[in-house]
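K.L.:
Can you keep this structure in mind? I'll have questions shortly.
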Amino acid sequence: MSVGWTQVLLAGLWGGLVAVERKAFLQAMLSRPLVAATVMGALLGDLRAGLYIGMLLELFYLGTANLGASLPENDTVSATGTAAAAATMAAATGAGSTQALWSIAILLFLPLGRVGRIADRLLEGYMARLARVAMASAEAGNLSRAVRQNLWGMWPHFFVYGAASSTCALLGFFLGPLLEQLPLDLLRGLAWAFPAMASVAAALAAQGSHAKRAPLYAGLGATVVILAVLLSTLQERR
Amino acid sequence: MSTAPTLSRSVLLRVYLRSLFLQASWNPKGMQNLGLAYSVYPALEQLYPDKKALEAAVQRHLTFFNTHPYVAAAIVGGVLFHEQRIARDEESPDKVVAFKAALMGPLAALGDGFFWLSLKPAVGAICAALVPALQAWAAVLFLFLYNLVHLTLRARLYWMGLTLGDRLVEAIARANLPTRGARLRSVAAACAGGLVAWLAVDLGRTAGGDHAPWLVSGCLALGVVSYILVQQRVPNYVVLYLAAGLACAAGAFL
């Protein structure tokens, strides 16, 4: 097994950048799972893994929101970490990306969202210190130093979540060879788990849409798709 | 009445760009206070050449402040509107403090409801539903659609705050964001429902091989059951891992 250090570094850079974008700057949604994981996959040479993992996690976290002082799970680190691990696992096996591999990455790295929430809470302590420094500087008449404290709040996000994404990419290189030893039956089961998890994530998204009559709209959407698939299947048979 | 310098375009632009860092040091005590002071500082520097007056102005904006980060642009613009009047002695400094206190709560609720709970889920669900057709372009489309609304509204709100001051409330009310948000949420639900079916069929056919019909029907059933379970307050994680376990066992033993 050889570790691709460039990939580990790229994973850290992208993971750090989107963590800053998520919390501290702009919030243009580069940090949403669909975007963050897709770009991570593209950077690490496995666009398809990043895209499908991003899609599943986008749906899984669709209903979460940062309302007031509440902290939701950190969907960004969950997406970048999972996509990075899936891409490096595929690189380590050399057999290419499969649904079984995506399932393993999701099952192992999805809880990063919860870990990220704990880290976010801990980082608030550092931010409180910055606020105290700013107040003291303003009282001492050093106004530009006081307002500049605001920018120091960005770097912890970059380093903490960059390191987390790099670690996931690194772990992927170690996990890849182990996966080759799994029995074929289990790998087939894991391949089945991906569409099942995707369907469940989409159902969770319908529930998390906050629509007043969500079951009605979701049912309508599902019916239209099923009818379209049935019609096209019937036409193909003719 | 004293004459204070009017804010130059470059300062207005600097304030707007700095407002994009509003949450950089979000903290539990003052929340976005540092971000707001950082945003408006270039304008305050221009309005108050006297150091004592500048210190007092900065202190006004280092107090507690928290609202939705996009809609905050309206308050930042409004703060500049009031600070210009304060610098010209046309009103007392209490006005700007009252303006922030009165608007940050209602605008936070409006922004959360429209951007976080409507626009984000709707665009996310639409673009996730388009992944099978557009592949990676779905992520690009997500950024384009979301930011078309986000960046346009953010810039417009800043301008409204800057030019209308307290009257921006009426202008925002006319935009009727809650009704538009409700429509977007319905779109999100319909897309997600359609996606349950599409993912079950498409991915199920790919992974299922000879057992594809079983896997497709199983995935559809899992989608419905998981919706009911989550409504019964079963945690999302439990539902997802349970579904993965079931599908994994079925795939391994069938």
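Read-outs throughout are calculated quantities, based only on the coordinates presented, and are distinct from any laboratory measurement. Keep in mind it's a predicted model, so treat the numbers as computed, not measured. Note that each Cβ is placed from the backbone with ideal geometry, even for glycine, and that neighbours are counted across all protein chains shown.
K.L.:
Report the label-to-label distance for residue A:114 and residue A:132 in nanometres (one decimal), using points 7 Å from each Cα along the Cα→Cβ vector.
P.N.:
Spacing of the two 7 Å Cα→Cβ label points: 3.2 nm.
K.L.:
Please compare each pair in A:23/B:100; B:29/B:120; A:23/B:29; B:29/B:100; A:23/B:120 to a cut-off of 26 Å on the Cα-Cα distance and tell me which ones are over it.
P.N.:
Pairs exceeding the cut-off: B:29/B:120.
K.L.:
May I pose another question? Taking 2.2 N^0.38 Å as the expected size of a compact globular protein, what ratio does the Cα radius of gyration of chain A give against it, to two decimals?
P.N.:
1.19
K.L.:
Taking the Cβ-Cβ separation of residue B:183 and residue A:181 as r and a Förster radius of 41 Å, what is the calculated FRET efficiency to the nearest 0.05?
P.N.:
According to the calculation, E is roughly 0.20.
K.L.:
Arranged by the count of other C-beta atoms within 10 angstrom, fewest first, what order do B:146, B:241, A:61 take?
P.N.:
Result, fewest neighbours first: B:241, B:146, A:61.
K.L.:
Can you tell me how chain B classifies by the Cα gyration tensor, rounded, prolate or oblate, using a/c under 1.5 as the rounded cut?
P.N.:
prolate
K.L.:
Follow-up question, since we're still on this one. How high is the relative contact order of chain B, in percent, counting Cα pairs under 8 Å that sit 6 or more residues apart?
P.N.:
17 percent
K.L.:
Long-range amide H contacts for residue B:91: which residues qualify at under 5 Å (H placed 1.01 Å from N, peptide plane, sequence gap of 5 or more or a different chain)?
P.N.:
B:86
K.L.:
For a paramagnetic label modelled at 7 Å from the Cα of residue B:6 toward its Cβ, which residues of the range B:61-99 fall within the zone defined by backbone nitrogen distances under 19 Å?
P.N.:
Hits in the range B:61-99 for residue B:6 at 19 Å: B:77-91.
K.L.:
May I pose another question? Taking chain A as a Gaussian network, where each spring joins two C-alpha atoms under 10 Å apart, which residue of A:44, A:190, A:151 fluctuates the most?
P.N.:
Comparing A:44, A:190, A:151 in a Gaussian network model of chain A, the most mobile one is A:151.
K.L.:
Relative to the longest principal axis of the C-alpha atoms of chain B, give the angle of the C-alpha long axis of helix B:51-60, reported between 0 and 90° and rounded to the nearest 10°.
P.N.:
In chain B, helix B:51-60 runs at an angle near 30 degrees to the longest axis.
K.L.:
With a 10 Å cut-off between alpha carbons and a GNM built on chain A, which of A:200, A:225, A:133 moves the most?
P.N.:
Top of the fluctuation ranking is A:225.
K.L.:
Next question. What FRET efficiency would be calculated for the residue pair residue A:212, residue B:232, taking the C-beta separation as r and a Förster radius of 25 Å, to the nearest 0.05?
P.N.:
0.85
K.L.:
Work out how far the C-alpha atoms of the range B:1-127 reach from end to end along every principal axis, then list the three figures in whole Å, largest first.
P.N.:
Extents along the principal axes: 54, 29, 24 Å.
K.L.:
Could you put A:127, B:160 in order, starting from the residue whose Cβ has the fewest other Cβ atoms within 10 Å?
P.N.:
So the ranking, lowest neighbour count to highest, is B:160, A:127.
K.L.:
Return B:55, A:73, A:139 ranked ascending by Cβ neighbour count within 10 Å, so the fewest neighbours appear first.
P.N.:
The order, fewest Cβ neighbours first, is A:139, B:55, A:73.
K.L.:
Something else about it: For n ≥ 4 DSSP H runs only, could you compute -39500 (n - 2.57) per run for the protein assembly as shown, divide by its residues and tell me the 222 nm figure to the nearest 500?
P.N.:
Rounded to the nearest 500, it is -25500 deg cm²/dmol.
K.L.:
With no solvent and one point on each alpha carbon, what is the Debye value of log10 I(q)/I(0) for the range B:183-253 at q = 0.20 Å⁻¹?
P.N.:
-0.88
K.L.:
Kindly write out, for the range B:108-124 in residue order, the coupling ³J(HN,Hα) from the Karplus curve 6.51 cos²θ - 1.76 cosθ + 1.60 (θ = phi - 60°), rounded to whole Hz, with x marking Gly and Pro.
P.N.:
Values, residue by residue: 5, 5, 5, x, 4, x, 7, 7, 6, 9, 10, 5, 4, x, 5, 5, x Hz.
K.L.:
After finding the eigenvalues of the alpha carbon gyration tensor for the protein assembly as shown, what semi-axes result from the square roots of 5 times each, listed largest first in whole Å?
P.N.:
Whole-Å semi-axes of the equivalent ellipsoid: 46, 25, 16.
K.L.:
Pull out a ≥ b ≥ c, the square roots of the eigenvalues of the alpha-carbon gyration tensor of the range A:109-226, then state rounded if a/c is under 1.5, prolate if not and a/b is larger than b/c, and oblate in the remaining case.
P.N.:
oblate
K.L.:
Out of every Cα-Cα pair in the range A:113-157, what percent are more than 15 Å apart?
P.N.:
46 percent
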